[in-house]
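First up is the structure itself, then whatever we jot down about it.
The values are calculated or read from the model by the stated rules, or taken from the named source; none is laboratory data. Keep in mind it's a predicted model, so treat the numbers as computed, not measured. Every residue, glycine as well, gets a Cβ built from its backbone with ideal geometry; the counts of neighbours run over all protein chains shown.
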Amino acid sequence: MRMVRQWLRGPMGALLYKELLEAWRDKRALLTAVTFALLFPAMITGATVFMFKVKSENESRLALIGAERLPLLAQQLAGEQLLVDVLEAGEPAELLAGEYDLVLQVGEDFASEYRQFGVPRLYVYMDGASKDAGRARRQLQERLAPLQQQVVQQRLVARGVAPQLLAPWRMEMRDISTPSDRGKMILASVPALLIMTLFVASLATAVDASAGERERLSLEPLLLQPLPPWQVVLAKTLAVASLGWLAGLLSVSALTALMPLMPMAELGMQQATSLSGVLAMGLLLLPLALLVAVVQLLLALGSKSFKDAQMRLSILQVAPLFLLMALDMSQVQLDRPAWQLLPLVGQQQWLKALLVGDSVSLFAVLAGSVVTLALVAAFILIGARALRRESLLGAT
Amino acid sequence: MIEVKSLRKQFAGRPVLRDLSFEIPDGRITALLGANGAGKTTCLRIVSGLLNADAGEVRVGGIDVARDPLAVRRQLGVVGDREGLYERLSVEEYLTLFAQMQGLRGSDLSRSLDGVRSELELGDLWDRRTVGFSQGERMKVSLARALVHRPQHLILDEPTRGLDVLAARLLRRTLLRLKEAGTTIVFSSHVMSEVLELSDRVLVMAEGRLVGDGEPAALMAQAGCDNLEDTFVSLAYGQSKLTEQEALA
């Protein structure tokens with residue numbers, strides 16, 4: 001620790017301070033980082049709220065007239081997405097013009113016809129021009145079908161016929177997902193977006209600190225200072241990563257703050273992310289922020305111009321999103337320990353677990369972070385070699 | 001002293017320096033003359049440790065540049081031919097950070113900053129960020145950066161290019177003052193009057209080779225010319241080129 005302190009008080013500290021000043025005084029880069037960091041949690045929140053609003057709008061209202069002639073009908077029809085109001089009387093056209101999507105009228109001779117095993121009538125009134133009519137009719141038919149099947153079976157039994165003859169099999173749908181699983185599914189895109197925040201937030205700074213510095217001809221005086229090239233790359237990496245990492249932390253914090261606005265109960269989730277959760281996620285993102293920064297710097301240093309560097313890094317920033325989505329959709333079991341050693345995949349899995357309140361293996365986190373940091377060190381050494389390239393100084 | 005021995009360098013198979021050797025003694029101003037593409041900038045970049053030579057040896061103050069480039073950089077101040085500044089830093093921040101990168105701290109740092117501030121008349125610029133600085137102002141800040149750690153050796157690549165009269169005068173005055181203080185100075189230039197005014201010794205380069213080495217008066221006598229410009233043309237391109245140009249004139 002003392003060694004690090006002394007090291008930071010020396011030339012390396014001055015270099016790091018210079019890189020941090022340059023990075024944090026770039027208003028455009030800062031604005032991009034903050035905007036993306038706040039925008040995506042807001043969008044996730046908005047999308048979730050909207051999704052549940054649409055779901056509640058899918059409810060249909062049914063007016064049932066003549067229910068006294070078929071007492072159990074109202075009880076059988078009512079349920080999720082179909083609200084049934086029993087009315088003593090009413091004009092179907094007026095009811096449809098009001099708050100009802102559908103009017104179901106039980107025929108006056110229904111009871112007598114039913115008793116005599118006739119075919120009593122149920123009248124369904126609908127406004128065919130209404131966009132909700134089709135949905136309401138489908139919901140009503142879905143509810144009536146099992147009721148009708150039940151009556152048929154009872155009649156067959158009454159005549160000594162086994163009802164199974166008419167139904168060789170019966171299909172039952174059973175949803176085995178738990179509420180937490182449904183929540184996980186909805187929040188599955190969040191870790192990938194959090195990781196993408198690192199790329200987006202540090203892009204401008206990475207380009208500026210490498211291709212930009214080369215183009216402004218300020219790299220040469222820096223390379224003439226008595227500092228080994230790896231320290232130059234390390235200082236730039238730390239400065240670039242600082243922006244990406246803090247934007248990531250801001251995103252996590254914003255997401256946590258916005259969680260109460262989301263329909264967590266409908267998602268079957270508790271507010272899983274607390275302050276300690278935010279800090280844990282921040283720590284998990286730190287090695288990845290360093291890796292993203294050094295990769296961005298290397299790509300930008302190897303580019304022909306400032307614009308070329310911007311283009312390369314713009315492509316790079318969407319690459320992890322597609323990669324993680326592709327892996328998610330594949331049959332690969334990403335939660336296995338070996339996969340968690342891979343940068344991006346490991347962080348995605350840990351973030352996913354922490355977001356819904358699951359625990360993560362400390363060993364997996366440590367091992368995965370060590371692998372990520374080893375890659376950072378390797379890329380810093382590659383970057384130090386790149387700084388010795390003659391083409392970098394426009395010498396060729 | 002700066003010693004260059006049998007230096008060779010080529011870019012993409014094209015030789016830029018061909019067996020270049022010379023010595024620059026301490027406490028004197030040496031001018032490096034040569035046409036564009038003669039290899040001056042490449043030579044100065046190898047001396048400052050920015051580029052590696054393909055063959056040969058460079059020593060600055062007795063230290064081999066290839067073996068210990070960091071030690072050499074502590075003894076060197078370099079002003080390149082085209083230099084950018086950090087536009088988000090003020091002049092004070094810029095010079096402080098570069099002085100700290102050279103290892104200066106505390107009272108040494110303050111003394112050095114005060115020194116370059118007054119010597120190079122940076123008072124008005126001190127608190128300003130460098131965005132929008134004129135060419136002359138940029139040169140003053142670059143020179144201050146190269147001098148802030150009081151280097152033994154100073155290398156300047158075409159330092160007066162694009163400078164107005166006042167800035168060029170200030171630069172020349174500063175170089176003469178540094179020479180009096182014992183600093184070894186090497187600069188490349190295309191301005192013959194400046195070379196004549198400043199330099200104790202002139203090195204003439206052509207196509208990566210040294211074609212002339214001596215005091216300005218001695219070189220003129222050697223070439224049989226009465227001015228440095230003719231001397232340079234004669235040495236760099238040959239007597240025939242000089243005759244051809246005189247005929248055209």
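Annotations for the structure displayed:
- Considering segment A:58-67, the residues that are of a type outside the set (Gly, Ala, Ser) and modelled with pLDDT of 85 or more include one that is surrounded by the fewest Cβ atoms within 10 Å (Cβ to Cβ), namely A:61.
- Only listed residue being within 22 Å of residue B:50 (Cα to Cα), assigned to a helix (DSSP H, G or I), modelled with pLDDT of 95 or more and not acidic (Asp, Glu), chosen from A:211, A:235: A:235
- Any chance residue B:114 is more than 14 Å from chain A (Cβ to nearest Cβ) and over 25 Å from the mean Cα position of the chain (by Cα): no
- Of the residues examined, residue B:130 is not one that is within 9 Å of chain A (Cβ to nearest Cβ) and polar (S, T, N, Q).
- Enumerated helices (runs of 4 or more DSSP H) restricted to segment A:303-396, each holding at least 3 residues that are over 22 Å from residue A:197 (Cβ atoms) and either of a type outside the set (S, T, N, Q) or within 14 Å of another protein chain (Cβ to nearest Cβ) (or both): A:306-329, A:362-386
Okay, residues lined up against (1) within 24 Å of residue B:99 (Cα to Cα); (2) of a type outside the set (A, V, I, L, M); (3) not in a helix (DSSP H, G or I):
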residue: B:156; (1), (2), (3): yes, no, yes
residue: B:161; (1), (2), (3): no, yes, yes
residue: B:167; (1), (2), (3): yes, no, no
residue: B:182; (1), (2), (3): yes, yes, yes
residue: B:186; (1), (2), (3): yes, no, yes
residue: B:229; (1), (2), (3): no, yes, no
residue: B:235; (1), (2), (3): no, no, no
residue: B:243; (1), (2), (3): no, yes, no
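- In the set (1) in contact (Cβ under 8 Å) with a residue 60 or more places away in the chain; (2) within 28 Å of residue B:191 (Cα to Cα); (3) within 12 Å of chain A (Cβ to nearest Cβ), the condition left unmet by residue B:152 is number (3).
- Any hit, segment A:40-57, residues being buried (at least 18 other Cβ atoms within 10 Å of the Cβ), modelled with pLDDT of 85 or more, within 30 Å of residue A:124 (Cβ to Cβ) and not small (Gly, Ala, Ser): no
- Residue within segment A:123-138 that is more than 47 Å from the chain's Cα centre (by Cα) and not β-branched (Val, Ile, Thr) present: no
- Checking the stated criteria, residue A:17 turns out to be assigned by TED's automatic domain parsing to the domain that holds residue A:192, free of Cβ contacts under 8 Å to residues at least 60 places away in the same chain and aromatic (Phe, Trp, Tyr).
- Single residue of A:286, A:290 found to be hydrophobic (A, V, I, L, M, F, W, C), in contact (Cβ under 8 Å) with a residue 40 or more places away in the chain, surrounded by 24 or more Cβ atoms within 10 Å (Cβ to Cβ) and more than 12 Å from chain B (Cβ to nearest Cβ): A:290
- Unique residue being modelled with pLDDT of 80 or more and either surrounded by fewer than 20 Cβ atoms within 10 Å (Cβ to Cβ) or under 30 Å from residue A:19 (Cβ atoms) (or both) when the list is A:331, A:271, A:340, A:348: A:348
- One residue stands out in segment A:221-232 among those that are among the aliphatic types (A, V, I, L, M) and assigned to a helix (DSSP H, G or I): the one that is nearest to the other protein chains (Cβ to nearest Cβ), namely A:223.
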